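Below is one structure, written out as structure tokens; comments come after it.
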Amino acid sequence: PSKLAFDLQDESCRIFDGCPEAVEPYLMGNLEAAADALETAGLATAAANVRGEHYAAIGETEKAARAFQSAGRFEEAATLLSGDVDPGAAAELYERAGNHEKAATAWEQAGDVVRAARHYETAYRYDDALDCYRRAGLTDKVCELLEKLARHYEAAGCALELGDADRAIRDLKMIDLRDPEYARA
């Protein structure tokens, strides 16, 4: 036996509401029966939450992730799928959760460096974004990001790689007198 303390006035502590039939199975640790009772009562989100906890407890990672996804707990579902399980699905879930940094890492692990670069850029991790754009061979995106970061000397080099001499000259003209690259520019 163990003691549980619940503050029923604090809504963030509530696991589910409106289904007395699910309380006893839940408290007894029979999460599957509690989820069934919640589903029968028409509380699909609460049922998915409890079912996800059940699957996670017994080590069925993918089923737990699907249940958490149904409940709208995208971050938890993504965490379960990250690593070697399914990095592509984890990346999509991190996207839905709005966690750009983890989405970028997962997309990179899944092999989609372009999507990873976009998320790195959104998360202000510009060096990682540049690295991904370079690996993807998107020199125009590298040049654009370098210009955005006011790294005009490097941007000029990229513009020359693209064969755009006018852009390279424009970037070189943007280099400040105090910049260490000014003399070379």
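Calculate, for the chain, the solvent-accessible area per residue in square angstrom, rolling a 1.4 angstrom probe over the heavy atoms of the protein chains.
Working: 11150 Å² over 185 residues.
For the chain, the solvent-accessible area averages 60 Å² per residue.
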Checklist outcome for this item: The set of residues whose placed amide H lies less than 5 Å from the amide H of residue 15, leaving out same-chain residues fewer than 5 positions away, is none
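With contacts defined as alpha carbon pairs under 8 Å and 6 or more residues apart, what's the relative contact order of the chain in percent?
Values: 234 pairs, mean separation 14.6, N = 185.
RCO, the chain: 8 percent.
Within a Cβ distance under 14 Å of residue 77, other residues only, what is the Lys/Arg minus Asp/Glu net charge? Intermediate results must be reported in sequence, preceding the final value.
Working: positive: 51, 63, 66, 73, 96, 102; negative: 53, 60, 62, 75, 76, 86, 92, 95.
Neighbour charge sum, excluding residue 77 itself: -2.
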Checklist entry - Roughly how many debye, to the nearest 20, is the charge dipole of the chain about its Cα centre, given +1 on each Lys and Arg Cβ, -1 on each Asp and Glu Cβ, and no other charges? => result 500 debye
Checklist outcome for this item: Per-residue ellipticity at 222 nm attributable to helices in the chain (runs of n ≥ 4 DSSP H, -39500 (n - 2.57) apiece, nearest 500 deg cm²/dmol) works out to -19500 deg cm²/dmol
Item to check | Residue among 37, 97, 122 farthest towards the positive dipole end of the chain, charges placed on Cβ | outcome: 122
Next on the checklist: I want to check the label-to-label distance for residue 17 and residue 176. Put each point 7 Å from Cα in the C-beta direction and report it in nm to one decimal.
Outcome noted: 5.4 nm
Next on the checklist: Can you give the local net charge around residue 111? Use residues other than it whose beta-carbon is closer than 15 angstrom to its beta-carbon, Lys and Arg +1, Asp and Glu -1.
Outcome noted: -3
Item to check | For the chain, Kirkwood radius (reciprocal of mean inverse C-alpha pair distance, Å) | outcome: 19.8 Å
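If the only charges are +1 at each Lys and Arg Cβ and -1 at each Asp and Glu Cβ, what is the size of the charge dipole of the range 130-185 around the Cα centre, to the nearest 20 debye? Before the final figure, lay out each step's value.
Numbers: 10 positive and 12 negative charges, 17 e Å.
Roughly 80 debye, rounded to the nearest 20.
The values are calculated or read from the model by the stated rules, or taken from the named source; none is laboratory data. Computed from a predicted structure; not experimentally measured. FYI the Cβ positions are ideal-geometry reconstructions off the backbone, even for glycines, and counts take in every protein chain you see. Heads up: the accessible areas ignore ligands, DNA and RNA and are worked out on the full protein's heavy atoms, side chains in. Shrake-Rupley method; radii C 1.70, N 1.55, O 1.52, S 1.80 Å.
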